[in-house]
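Report on the structure given below.
Quick note: the coordinates plus some simple rules give every number you see, no bench work behind them. Here the structure is a predicted model, which means the values were calculated and not measured. Cβ atoms come from the backbone with ideal geometry, glycine included; neighbour counts cover every protein chain shown.
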Amino acid sequence: MTVAVADTRAYEANVPRFYAFSFLFLLQLLMPIWVIYLIDVRDLSLGQVTAMEGVFWVAMLFLEVPTGVIADRFGRATSLRLGAITNTVGMLVFAFSSSFPILFGSYMLLAVSFTLFSGADAAFFYDTLKALKREDEYQRLWGRCWALQSAGLGVSLVAGSLLAQLTSVHFAIIASGVLTAPLIVVAFMLKEPPRHEAGEVQVGIAHGAREAVRLVLRQPQLRTIMPLSALTVATAAISWMYIQPFFAEHDVPVGWWGAMLVPGQVLSIGGSLVAYRIVLRVGFPRMILVLTSLALVPLAFFAGIDAVWVFLVFPLAVAVEGTAQPVVTDYVNRRVPSAQRATVLSIYSFMLSLFIGIMVPLTGLLADSEGLRASYTLGLVIGAVGLPLLFLAWFRSHRKYGSRPPVLEHDLPHDAGVMSHHPPLPVHIEEPAGEPGSGSG
């Protein structure tokens, strides 16, 4: 990856501009009130809301890899711009929808926008740093991006709930749609960093998707860390999904919802900023073990105790994703070549969508028939069974191959290389010792 001197300043400008992009990305006033909006204004039941959420995540499931390939094929900045435009349109349709089909359509637009963001954002930021020869700073600086996202969400929680209290829930939803427009402006200020190493050539969309899947499947560490991290975040997300009905069930005024959720964002910001320091001190395996454990704690309290004070453990659920994202995406980025970074990261998002798309509708149907505590219990059971199994599978791979240095593409089996028909390229791929063609490592 070579960078002209004239481009260096533009790539340096990408860093603060992407910070602004990160803050604006979750500056959406609907965050503390969207479930109540669908129930009170659009007359949906909680089961219908979670069923629609399930369809949303299933749509993301099928869109993740194709949009990741688009980001690799046509540019990560292009993907972010398209995502910003689609996000604004989807939010405005969501705010002004007058029927269920239109409301459903807004969900599909938002699913498209989210998948255009996911994978492309981390790939864009990593390759910007790589162009500046600062990729070793990724974990620290990506943590800063996630802290800014959490800060934007924190502002949204307070402002959205207060605006809903002072005006109406519907007015706050409309305002949220309008406030997404500045994200488009910032997206068009980003300069595309180089997406290929010297000697790499652009592959077609279908070929790029197939090779990205092969890349993940051939690396034990990647094919185990991705589902482990995805299930960890999905388990924590169940606590987030039902916090608004939880507040409503315990007669908490809407105006207080945002303020009560702010501590979670503060903890998430702190986790994002110090995650890389924690990893350096305790090691990646211990960090992952702590995060998987923390994802279960809030669900255990919500399932076991029917009292409003239980929300005090909710910040742990929010902190899990903010802390996990910088360290896990850094772990993945170091094991994939530039040309397929967005696609591989989209496979990770695909797994997250898969778990949430299954868990949310199941727990929502149970909440409708048996109450919120039953839905929390189901989420807890799924996490308590799945997380230890996935952690052990990943830990075995990490312990066996974690210390092995990156190998060269010409050391890999013919069908394992991203650009196997082109000149040998150095890529961050680790293969099992003793496998034919694995090299000396």
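Can you compute the FRET efficiency between Ala13 and Ala307 using 1/(1 + (r/R0)^6), with r the Cβ-Cβ distance and R0 = 60 Å? Round to the nearest 0.05. Between Ala13 and Ala307 the formula returns 0.75. Approximating the spin labels as points 7 Å out from Cα along Cα→Cβ, the Leu217-to-Lys400 distance works out to 1.8 nm.
Could you give me D for the chain, from Stokes-Einstein at 20 °C and 1.002 mPa s, where the hydrodynamic radius is the Kirkwood radius over C-alpha pairs? Units µm² s⁻¹, please. Roughly 97 µm²/s, to the nearest whole number. Among Leu82, Leu378, a tally of other beta-carbon atoms within 10 Å of each Cβ gives an order, fewest to most, of Leu378, Leu82. Computed extension gain for Arg334 through Gln48, at 0.36 nm per residue and net of the alpha carbon distance, reaches 98.9 nm. The value of relative contact order for the chain, using C-alpha pairs under 8 Å at least six residues apart, is 26 percent. All C-alpha to C-alpha distances of segment 149-291, sorted into 10 Å bins beginning at zero, yield P(r) values of 8, 22, 27, 27, 13, 2, 0 percent in whole numbers. For the chain, hydrophobic long helices are taken as DSSP H runs at least 20 Å long by C-alpha position along their axis with mean Kyte-Doolittle hydropathy of 0.5 or more; these are 46-74, 76-96, 100-117, 138-166, 220-241, 254-282, 284-304, 314-333, 341-370, 372-401. Segment 143-168 and segment 379-393 have Cα centres separated by 31 Å. Between Val336 and His428, the built amide H atoms are under 5 Å apart, and every one of these is 5 or more places off in sequence or on another chain. What FRET efficiency do you get for Phe96 and Val55 if R0 is 25 Å and r is their Cβ-Cβ distance, rounded to the nearest 0.05? Working from the Cβ atoms, E equals 0.75. Computed over neighbours whose Cβ is under 15 Å from that of Pro285, the net charge equals +4, Lys and Arg +1, Asp and Glu -1.
Across q = 0.15, 0.16 Å⁻¹, segment 4-116 modelled as identical point scatterers on its alpha-carbon atoms has Debye log10 I(q)/I(0) values of -0.75, -0.82, in the order of the q list. A straight line joining the Cα centroids of segment 78-111 and segment 232-306 runs 27 Å. When averaged across all projection directions, what area in nm² does the alpha-carbon convex hull of segment 269-354 cover? Across all orientations, segment 269-354 yields a mean hull projection of 6.8 nm².
Please give every one of the lysines within straight-line cross-link reach of Lys191, meaning a C-alpha to C-alpha distance under 25 Å, and leave out same-chain neighbours fewer than 8 residues apart. Filter leaves Lys130, Lys133.
Ellipsoid semi-axes for segment 224-268, based on the Cα gyration tensor and the rule √(5λ), read 27, 13, 5 Å when sorted largest first.
Listing Asp7, Asp330, Asp306 from fewest to most neighbouring C-beta atoms within 10 Å gives Asp306, Asp7, Asp330.
Residues considered: Pro285, Pro193, Pro337. Largest GNM mean-square fluctuation over the chain, using C-alpha springs under 10 Å, is found at Pro285. Label-to-label distance, Arg281 versus Arg134, with points set 7 angstrom from Cα along the beta-carbon direction: 2.5 nm.
Note on Thr167, Thr232: ascending count of other Cβ atoms within 10 Å places them as Thr167, Thr232, the fewest first.
On the basis of the beta-carbon distance and an R0 of 25 Å, His250 and Ile358 show a calculated FRET efficiency of 0.35.
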